[in-house]
Amino acid sequence: MELNVELPDALANEAKAAGLLAPDAIAKLLREAIARRKQFDAFFATCERLRAAEIPQMTEDEIQAEINAYRAEQREKRDRDRADRS
């Protein structure tokens with residue numbers, strides 16, 4: 001497919017200098033944009049499923065307890081890995 005795009009001169013010059021107007025570079029930019037769009041759509045679909053599940057909100061203390069538990073778990077894993085290497 002051939003694609004014609006009109007750009008302001010300054011932007012076109014900057015993009016050309018950065019090597020972004022080459023077909024491979026444009027294809028890479030488009031693939032990355034498509035991937036970001038899919039991630040964005042998936043994120044909001046997940047938000048909608050969570051909203052529909054009507055899960056009660058956590059308190060700040062509950063959130064902090066989860067953070068503390070995660071950090072403790074990570075410390076334990078790190079300590080086990082260090083012990084295994086010794």
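Inspect all residues belonging to the stretch 51-59 and state whether any of them is part of a helix (DSSP H, G or I) and among the β-branched types (Val, Ile, Thr).
Looking for residues that are part of a helix (DSSP H, G or I) and among the β-branched types (Val, Ile, Thr), one finds none in the stretch 51-59, hence no.
Taking Arg51, is it among the basic types (Lys, Arg), surrounded by 10 or more Cβ atoms within 10 Å (Cβ to Cβ) and on the phi < 0 side of the Ramachandran plot?
When the stated conditions are applied, Arg51 does not pass them.
Yes/no per residue for (1) modelled with pLDDT under 95; (2) in contact with a Leu (Cβ under 6 Å, 6 or more places away or on another chain); (3) not small (Gly, Ala, Ser):
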| position | (1), (2), (3) |
| --- | --- |
| Glu6 | no, no, yes |
| Ala12 | no, no, no |
| Leu20 | no, no, yes |
| Lys28 | no, no, yes |
| Ala33 | no, no, no |
| Arg51 | yes, no, yes |
| Ile55 | yes, no, yes |
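Going by what's in this entry, would Ala45 be described as without any contact (Cβ under 8 Å) to a residue 12 or more places away in the chain, hydrophobic (A, V, I, L, M, F, W, C) and open to solvent by less than 80 Å² (accessible area, probe 1.4 Å)?
Considered against the rule, which asks whether it is without any contact (Cβ under 8 Å) to a residue 12 or more places away in the chain, hydrophobic (A, V, I, L, M, F, W, C) and open to solvent by less than 80 Å² (accessible area, probe 1.4 Å), Ala45 comes out as yes.
Could you pull out the residue among Leu3, Leu20 that is in contact with a helix residue (DSSP H, G or I) (Cβ under 8 Å, 6 or more places away or on another chain) and open to solvent by less than 80 Å² (accessible area, probe 1.4 Å)?
Step by step, each of Leu3, Leu20 is checked, and only Leu20 is in contact with a helix residue (DSSP H, G or I) (Cβ under 8 Å, 6 or more places away or on another chain) and open to solvent by less than 80 Å² (accessible area, probe 1.4 Å).
The values are calculated or read from the model by the stated rules, or taken from the named source; none is laboratory data. Note that the coordinates shown come from a computational prediction; the quantities given were computed from them, not determined experimentally. Note that each Cβ is placed from the backbone with ideal geometry, even for glycine, and that neighbours are counted across all protein chains shown. Just so you know, the surface numbers come from the protein's heavy atoms only, side chains and all, with ligands and any DNA or RNA stripped out. Shrake-Rupley method; radii C 1.70, N 1.55, O 1.52, S 1.80 Å.
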